[in-house]
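Contents: one structure, followed by commentary.
The values are calculated or read from the model by the stated rules, or taken from the named source; none is laboratory data. In this text, all values refer to a predicted model and were calculated from it rather than measured experimentally. Here Cβ is always computed from backbone atoms with ideal geometry, including for glycine, and neighbour counts include all displayed protein chains. Protein only, heavy atoms only, side chains kept; ligands, DNA and RNA dropped before computing areas. Shrake-Rupley method; radii C 1.70, N 1.55, O 1.52, S 1.80 Å.
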Amino acid sequence: MDLDPEDVFKDEEDDLDNEFYHQSESSKEYVVYLVDASPKMFNTTCAGNDQKDETHFHTAVSCVAGSLKTQIISRSYDEVAICFFNTREKKNLQDLNGVFVFNVAEREHLDRPTARLIKEFDCIEESFMREIGSQYGIVPGSRENSLYNALWVAQALLRKGSIKTADKRILLFTNEDDPFGSLQDAAKKDMTRTTLQRAKDAQDLGISIELLPLSRPDSEFNVSTFYADLIGLDGEDLAQFMPSASQKLEDMKDQLRKRMFTKRVVRRIEFQIANGLSIELNTYALIRPTVPGAITWLDSVTNHPLKTERSLICEDTGALIQEPPKLFQPYRNENVKFLPEEIAEIKRISPGKLRLLGFKPLSCLKDYYNLRPSTFVYPSDQDEITSAGAQMEPPGMHMIYLPYADDIRDDEEIFPDTEEDAPRADEDQIQKAAALIKRIYVKDFSAFQFANPALQRHYAVLQALALAEDDIPETIDETASDEEGLTRPAVVRAAEAFKHSVYGDSYDEESDMGKEKMSEASRKRKAIAENAAKDYDWGNLADKGQLKNLTVGDLKVYLNAHNLPVSGKKEALISRILTHMGK
Amino acid sequence: MARNKEKLVLLLDVGPSMHGVLSEVEKLCSMLVEKKLIFSKYDELGVVVFGTEESKNDLTTEVGGYQNITVLQDIKVVDGDLVDTLQKLPRGRVDGDFLDAIVVGMDMLIKKYKDLHKGKKRLCLITNAIHPIKDSFEGSKEDQVMTIAEQMAAQGMKIESIVVRGRLSRDANKGVMDENDHLLSIFSKKTHTRIVYVDTPTSLLGALKTRRVTPVTVFRGHLELSPHMKIKVWVYKKTQEEKFPTLKKYSEKAPASNKLATHQVKVSYEYKSVDGSSTSVIPPEQRIKGYRYGPQVVPISTAEWDAVKFKPEKGIKVLGFTDASKIKRHCYMKDVYLFIAEPGNTRATLAVSAIARAMKEMNAVAILRCVWRQGQQNVVVGVLTPNISQNYKIPDSFYFNVLPFAEDVREYQFPSFNSFPASWQPNDQQQKAADELVQMLDLAPSGKEALLPEFTPNPVLERFYRHLELKAKQPDAAVPPLDETLKNIVEPDPELVAENKSVFDALHRHFELGQNPKLKKSSRQWYQEKQSGSNAHVSSGQAVNSIENQPPVKIEKIGDLTPVQDFEAMMSQRDNPEWVEKAIKELREKILALLIHSDEGDKYQKAVECVAALRKGCILEQEPGPYNDLMHHIRQYCEEKGIKSLPQLLASRDLTLISKSEAEDSDVTAEEARSFFVKMEPKPDV
């Protein structure tokens, strides 16, 4: 509970995000994807993308594939296992019937996801029937219970690691709401009991079982038939569990995405409303920029990682400094020294809690009062209720970091040097603008519907290289503008009307003029460059090694004339010129 | 650097009516110089005070008049003495004339720089402008101001006026104030002017930009609405966090005799391979970057990477317009950008104005895809919101906020407050008390917004620069506590709290009496803090009194916050013997959890407190078994992990086994108990 007061106001990017993304061993997650592979999963279809019907099996498998990809990117320390049940073949350590643990070479059954796993899992559907096969595992007259076996195998896979350091979860995909429906009374009762006991045992070991049900179009998945008992739902929770949402692939993906990450409290903080009145809050980072992972330096000969050693060297004596040094700030011609503790004391302007200063209407929160991503707060000491419903916006409060006076700039005020008033659009122009806006109006925009194209590309490249593939798959830039839509006649007409209203007939002229001006300027520059280039006998100078006698400006003239980069030190420029001349 | 040298004259009102805020003016001005000393050492500065009894300026000697104005410091390059001067401003006895002061300041700038350095010359006036200025000999006051303003524009001077008003100048003549405000506003018609009105000492500290940042465009080019419709815009940063200065590391290795020593520290990085036993430094050209992909590290050379990486084209494109309500405010990711039409381009300004106003009318925002520069390796998607200018000199513009990508969002699920059982919901009285709180603790009553971000200085930076100045004079000075003006930024306004005492009392009353065991676990977990301000929390179980015959609160679970209190409360619940067993079991688990989750022993103190409570409880209940078991367990745990500090802590508090003398059921002798932790000693480091 002891909180460094500085923490609250500290630059959160440093610790918070590191904690969040580069999670250590201690907070990892073990997940077993348990996918029903019974013929029913193959026979039932639902509307997928492009209006084509997809089998439930396909839906489940592509969800898992998608989440594996997310996991390798943002939580690569997590360990996963993929396990099918109701299969023809069996492959598991316990040698139980009807359960097949999918794996690839160089990987334990429960291990971190690898590029190869993702690659091979992507094309599992092609080989599934041949190599694994599908068959009902629970049939009358046999004592086999594939669901029981599957839970047993999953639990055994999750035996690894301590529950204190890892979250263990089983994600169960199925479209059969009554797995023992085909059985007779006594056998059914017996199997139901043993299966529930198996699930309860697993839960007692700290493993949580989550159900991702698939509904058939004609009949809804009924949780209360069997699974409510298995995952421990009752009363109100049961009512909140909404299986009907998962008829489509997209919904399923959506649900899985929401459950991919277990909630992680960034910090626990006290919110003091008045003297003596406080609420205990947990803070969560709901939105933080995801960046490509940090780089690791490798030895290019052996490809082994290198160890980075940081050392502090005194510039005056060259001596190595061991102890953490004092800090200083040059000021008034001398060095004012600070101890690290003093700096910490300066930053400690308030005890480590949130204090209520007062309330303001929302209109006071200007659009430009923003510096960092917001942090979500929710009361702590809250018992978890998992609902499968699609929650758009969680309840609670968002903390938005306001800027201080020091952080706000007034650049819009820098230009009005003229005595005239700034031009304002008239009513007609505004109307025309509104008409144009209406033409390019997007009705259902969501703030985070785009995948980051740079990240997508980054990981596509990495995946290809990790698998030693030659072709790097093309990634789709979802943020590219809709060129086709924007050239629709209606849009073009609206744009023309607006253009005419604001620019009169001079729009084309202006843009052309701009171009001409530009080209004129660059032509001029080029002309000067060419002249200058002629002035010197470059070849001769180079031969004699006299280039170094020229100024950097002169050298740049040559580089400009030949469209070469002009960056770098003089030596770099000279060597670039020599390379260009082929000398 | 040098070409951007700013020439500034401070015109400070030190008349009697200003005395109340002069200490803030001193702080503000010295902060200005302190920052200049670090960030723009070549700026030049002069100081004029008005409202003094004596007069000392060129104009009064040359042409007469201009009484009560003293040039405290002629224009010179900023130095440490200036800080000293500004920290000891004289207290004047006369009501000053700000217009005369402006003329004196202009005269200083003109004499020193002629008509050079246009746009770099600046006057900064700090006054309350509540006293009438002298009537002019010819023409009206307005004409006079007009002439001065024209002259100012011709000389390329700017003026910034900070007018101290509101609470800080209550009993002033309204007519005079209005006249003065009108006169000052004339400047803004003729020349580049900024007028700020402040009404608290805190906002006075934030009123002046103490650090000048040369604006740099992020982007210049087209805002593309469609392939056929482009507007020329410039993009600037609207907010950018001013970071705490990065201090250099100081080396004490150089001998004291070396006067030229820089005392700087170089940080060097060496990359070593760790193959087998030998370690060798790998030269830079042999290093290659590796990117993690799951457990694999994929080596990619820079050249390879360049060939395949994401390379978007420079440009800003509108992806579409949408309803403002679609974009949640909390999705804003970063600092904010400002889009203005290309300066001087009337058509572009009109186009921006038309679209901004249309967007405002329609309550629409635009979604943009931006690539600021060629060669940038990512794209930015964000939301463009209109900014309709209230000042007719300033053109309309847009603000731009970055939005998250799909990868940046963690969609955690939280139970809705509404789905909680009724007992967790606030009752009517509670809701009313809370409503009242929101209403009464209004920081923006009738348009007078307190703590406006624009005028709220960063207290940390404020404190650092002040301390830097202090340390330059007294190297051993300790960090002084936060002063009153800055405290107003981090603490609630004591006046406001005092005014609304009844509201807070109501809040206390309702939420305390409303407590019940369910509430303890619920979202509204209120607990009382000792009024002394200490951090010790009294458990809610004890805090609730029984004025209204409320039954004492039942504790059903030991929480993380106050385990000891919870334990005691639970042990004393006499209605069911199971409580004792449950309490012992839970506290025991809590202790073990504390040990395991303790990082470098930081939770040992708390664990020891719990152990002490458990021991006491177990003796009271004559249940030595669980306690002794736990102690054996702890000892074993410590031995395995080689932890010595915890047994020492326990031994120092005499928290050893419960012996037979203390509890009948124990089979431990007093001797054994005494030597319980001693036995550990012979085998350290196990």
**Report entry** Buried accessible area, chains B and A (both chains, 1.4 Å probe, Å² to nearest 100)
**Finding:** 19200 Å²
Query - Nearest-ten-degree value, helix B:459-473 long axis tilted from longest Cα axis of chain B - result: 80 degrees
Report task. Please list the radius of gyration and Dmax for the stretch B:315-408, considering alpha-carbon atoms only, with Å as the unit. Result -> 13.7, 42
Query raised in the report: Peptide B:380-390: average number of partner chain Cβ atoms within 10 Å per residue?
Result: 3
**Report entry** Net +/- balance of residues flanking A:LEU436 in space, Cβ distance below 10 Å, scoring K and R +1, D and E -1
**Finding:** +4
Query - Separation in nanometres of the label points that stand 7 Å from Cα toward Cβ, at A:ARG88 and B:PHE244 - result: 6.7 nm
Report task. Using a 10 Å cut-off on Cβ atoms, rank the peptides B:356-369, A:552-565 from the highest mean neighbour count down. Result -> B:356-369, A:552-565
Query - Beta bridges per DSSP with both ends in chain B, % antiparallel, nearest 5 - result: 65 percent
Query - Kirkwood Rh (inverse of mean 1/r, distinct Cα pairs), the stretch B:6-207, angstrom - result: 16.8 Å
Report task. Would you mind giving the mean number of other chain beta-carbons within 10 Å of the Cβ of each residue in A:334-340, as a whole number? Result -> 5
Query - Angle in degrees between helix B:578-596 and the longest Cα principal axis of chain B, rounded to the nearest 10 - result: 60 degrees
Query raised in the report: Contour minus end-to-end for B:SER23 and B:LEU496, with contour as 0.36 nm per residue of separation and end-to-end as the Cα-Cα distance?
Result: 167.9 nm
Report summary line: Residue separation between A:ARG130 and A:HIS580 times 0.36 nm, minus their alpha-carbon distance, gives in nm 156.0 nm
Query raised in the report: If ligands, DNA and RNA are left out, what is the accessible area of B:LEU319 with a 1.4 Å probe, given in Å² to the nearest 10?
Result: 40 Å²
Query raised in the report: What do you get for Rg/Rh of the stretch A:436-503 when both radii come from the Cα atoms and Rh is the Kirkwood radius?
Result: 1.22
Report summary line: If R0 = 30 Å, then B:ARG653 and A:ARG355, at their Cβ-Cβ distance, give a FRET efficiency to the nearest 0.05 of 0.30
**Report entry** Within-10-Å neighbourhood charge of B:ILE355 [Cβ basis; K, R +1; D, E -1]
**Finding:** +2
Report task. Report, in cubic angstrom per residue, the convex hull volume of the C-alpha atoms of the stretch B:17-90. Result -> 80 Å³
Requested in this report: May I ask you to derive the FRET efficiency for A:THR225 and A:ARG488 from their Cβ-Cβ distance with R0 = 41 Å, giving the value to the nearest 0.05?
Outcome: 0.20
Report task. Provide the gained length on full extension for the span B:LYS189 to B:ASP58, in nm with one decimal, where the gain is 0.36 nm per separating residue minus the Cα-Cα distance. Result -> 44.3 nm
Report summary line: For the stretch B:631-673, the convex hull over Cα atoms projects on average to an area in nm² of 3.1 nm²
Report task. Just tell me how shielded B:448-458 is by partners: mean number of partner chain Cβ atoms within 10 Å of each residue's Cβ, no decimals. Result -> 5
Query - Label-point gap, in nm, between B:ALA670 and B:LYS487 - each point 7 angstrom along Cα→Cβ - result: 5.5 nm
**Report entry** Within the accessible area of chain B (1.4 Å probe), percent carbon and sulfur
**Finding:** 50 percent
Report summary line: At 10 °C in a medium of viscosity 1.306 mPa s, the stretch B:563-675 has a Stokes-Einstein diffusion coefficient, with Rh taken as the Kirkwood radius over alpha carbon pairs, in µm² per second, of 111 µm²/s
Report task. Using a 1.4 Å probe and ignoring any ligands, DNA or RNA, find the accessible area of B:HIS330 and quote it in Å² to the nearest 10. Result -> 20 Å²
**Report entry** the stretch B:1-53: Rg to Rh, with Rh as the Kirkwood radius over Cα pairs
**Finding:** 1.06
**Report entry** For the stretch B:652-657, 3J(HN,Hα) per residue [Karplus equation, 6.51 cos²θ - 1.76 cosθ + 1.60, θ = phi - 60°, Hz, x = Gly/Pro]
**Finding:** 5, 9, 6, 8, 9, 5
Query raised in the report: Which angle from 0 to 90°, rounded to the nearest 10, does the C-alpha axis of helix B:428-440 make with the longest principal axis of chain B?
Result: 30 degrees
Query - Equivalent-ellipsoid semi-axes of the stretch A:274-380, from the Cα gyration tensor, Å, largest first - result: 40, 27, 16
Requested in this report: Provide Rg and Dmax in Å for the stretch B:196-354, with only Cα atoms included in the calculation.
Outcome: 25.8, 71
Query raised in the report: With a Cα-only, solvent-free Debye model of the stretch B:427-510, what are the log10 I(q)/I(0) values at q = 0.15, 0.18, 0.21 Å⁻¹?
Result: -0.72, -0.86, -0.99
Query raised in the report: Can you pull the percent of Cα pairs in chain B with separation above 48 Å?
Result: 44 percent
